[in-house]
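The structure appears below as structure tokens.
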Amino acid sequence: LAAELEAAGDAGDSERIDRDTPELLFLYRGFYDKLKAVDASAEAGSDPEDEREVIDAAQLNEAYGAIREAVTAFDYDTADEILTMLKDYRIPDKDRDQYERIKDLVTRLDRDALLEEL
């Protein structure tokens, strides 16, 4: 369905995009809870002696700004890539809740809530 919608976009078929996008998002969001369980089990097995470098506030804010730009342009692939890069760093405890919310919202493709959070 995603490939068909992409082709519809290339062809300028906005009627098809408007009609079928809600179905694609519904299907996508249906996998959220299943994938979150996999992610949670992976994190549960993580090393308590995390050796990753702690990201500083400026770097984290820069990453959030880049995510905001990507989401504004409906570029969720780039937003996801930035979050993947952030996994190379430890997120400070004071920033952990916001980071988790942002990850969740990117996964859910919730653009409005993401832009509000960022």
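The values are calculated or read from the model by the stated rules, or taken from the named source; none is laboratory data. Just so we're clear, the structure is a prediction, and the values are computed from it rather than from any experiment. No Cβ is skipped: glycine too gets one built from the backbone with ideal geometry, and neighbour counts run over all protein chains shown. Ligands, DNA and RNA are stripped out before the accessible areas are found, and what is left, the full protein with its side chains, is counted by its heavy atoms. Shrake-Rupley method; radii C 1.70, N 1.55, O 1.52, S 1.80 Å.
Got a sec to turn the phi values of region 67-72 into Karplus ³J(HN,Hα) couplings, 6.51 cos²θ - 1.76 cosθ + 1.60 with θ = phi - 60°, whole Hz, x for Gly and Pro?
In residue order, the calculated couplings are 5, 4, 4, 5, 5, 4 Hz.
Run the accessible area of region 70-118 with a 1.4 Å probe and give the carbon-and-sulfur part as a rounded percent. Don't skip to the answer; put the middle values down first.
On the way: 1300 of 2950 Å².
Result for region 70-118: 44 percent of the exposed heavy-atom area is carbon or sulfur.
Quick one: grab the alpha carbon gyration tensor of region 72-118, order the square roots of its eigenvalues as a ≥ b ≥ c, and give me rounded if a/c is under 1.5, else prolate or oblate depending on whether a/b is larger than b/c.
Details: a/c = 2.47, a/b = 1.36, b/c = 1.81.
Verdict is oblate for region 72-118.
I17 versus K87, label points 7 Å from Cα toward the beta carbon: distance in nm?
Modelled inter-label distance: 3.0 nm.
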